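The values are calculated or read from the model by the stated rules, or taken from the named source; none is laboratory data. Model, not experiment: these values are computed from the prediction. Positions of Cβ are generated from backbone atoms using ideal geometry, with glycine treated the same way; all protein chains shown enter the neighbour counts.
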Amino acid sequence: MTAQEVKRKLTAILSADVKGYSRLMGEDEESTARTLNTYKEVIAGLIQHHHGRVVDAPGDNVLAEFASVVDAVRCAVEIQKELKTRNAELPENQDGISNWDQPWGCD
């Protein structure tokens, strides 16, 4: 490949992380970690369903790429809806966890 032949790839990126993660871990580390792991599995499944690929998932973050912006946006919307439903089902006595107001922000 010469200097004139640059290969380019267009990609849509989705980044999601937990709102108030440090506070939640401080309040109830065990429940927060358990919920985080469950949510990451759900998110990974939704990313795959929408033709995306998880690139990395360190700590409370998930980074994914999509060939289509439309697929990325649809996935982000579905993630928010699914996690809102799951948050509503969490026990009220799990302070910090039941107060997650859309804990994942999708950019």
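Of note:
- When the range 23-78 is limited to residues that are loosely packed, with under 15 Cβ neighbours inside 10 Å and among the polar types (S, T, N, Q), the one that is nearest to Glu89 (Cα to Cα) turns out to be Thr38.
- Listed conditions (1) at pLDDT 90 or above; (2) at positive phi are all met by Ile79, apart from (2).
- Among (1) closer than 18 Å to Thr85 by Cβ; (2) free of Cβ contacts under 8 Å to residues at least 40 places away in the same chain, the one test that Ile43 misses: (2)
- In the range 19-37, the residues that are among the aromatic types (Phe, Trp, Tyr) form Cβ pairs under 9 Å with partners that are in a helix (DSSP H, G or I), at six or more places apart or across chains, as follows: Tyr21/Thr32; Tyr21/Leu36.
- Residues in the range 47-76 that are farther than 10 Å from Leu14 by Cβ, of a type in the set (A, V, I, L, M, F, W, C) and under 11 Å from the mean Cα position of the chain (by Cα): Ala57 alone.
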